[in-house]
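Read-outs: derived from the displayed coordinates by stated rules, not from any lab. This one's a predicted model, so the numbers in the text were calculated from it and none came from an experiment. Please note: Cβ atoms are built from the backbone with ideal geometry, for glycine as well, and neighbour counts cover all protein chains shown.
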């Protein structure tokens, strides 16, 4: 029997991993947008509000490029984000809303809700697989031991009666 999720993946999903960092980042950006900051200020303030993580490191790399003279859009385009589709999509939403001047708050909130639902679905899928994964150890290890412990007293009594 091959398990589809390693312990590391389960711990990452339990803690939330990179996706919850992205949700926090998007919520901070939305919070600062609601208080009247523009997109770039909200982006920079949200970076300062994040706790140290891989997501913060990637976003700080974009901030450093902006400080070196890149535009917001160019800094996002030139920073390689390979393994994190959610972060890449949220940064593209930010840069496109900045570039085209559209209301980004509503888009970011909707994307954040979708990302939360995605994480919840992953966690529910793992939780649904747990009983099936526990079936093998339960039937071949735990139940036989319980059976032996419960029946050993009766077997000993039966042997005493026969003597």
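May I ask for the angle, rounded to the nearest 10°, between helix 17-34 and the longest principal axis of the chain, with both axes built from Cα atoms and the value confined to 0 to 90°? Relative to the chain, helix 17-34 is tipped by roughly 40 degrees. By definition, a body whose alpha carbon gyration tensor gives a ≥ b ≥ c is oblate when a/c is 1.5 or more and a/b is not larger than b/c, and segment 74-143 fits this oblate description.
Each Cα pair under 8 Å and six or more residues apart adds its separation to the average, and for segment 36-141 the resulting relative contact order is 17 percent.
If I fit a long axis through the Cα atoms of helix 104-137 and take the longest principal axis of the Cα atoms of the chain, what angle between them do I get, 0 to 90°, rounded to 10? Compared with the principal axis, the helix lies near 20 degrees. Here the extension length gained between residue 157 and residue 123 equals 7.3 nm, from 0.36 nm per residue of separation less the Cα-Cα distance. Mean residue ellipticity at 222 nm, helices only, the chain: -26500 deg cm²/dmol; runs of at least 4 DSSP H residues each add -39,500 (n - 2.57), and the sum is divided by the number of residues. Volume of the convex hull of the chain (Cα atoms only), normalised per residue: 146 Å³. Note on the chain: GNM, Cα springs under 10 Å; of 92, 134, 66, the largest mean-square fluctuation is that of 134. Against the chain, whose longest principal axis is taken from its Cα atoms, helix 39-49 shows a tilt of about 40°. Label segment 102-159 by shape, choosing from rounded, prolate and oblate, from the square roots a ≥ b ≥ c of the eigenvalues of the Cα gyration tensor; if a/c is under 1.5 it is rounded, and otherwise prolate applies when a/b is larger than b/c, oblate when it is not. Verdict is prolate for segment 102-159. Return the FRET efficiency for the residue pair residue 107, residue 53: r is the Cβ-Cβ distance, R0 is 25 Å, and the value is rounded to the nearest 0.05. So, using R0 = 25 Å, E works out to roughly 0.60. Sorting the segments 67-79, 119-131, 143-155, 20-32 by their residues' average number of neighbouring beta-carbon atoms within 10 angstrom, most packed first, yields 20-32, 67-79, 119-131, 143-155.
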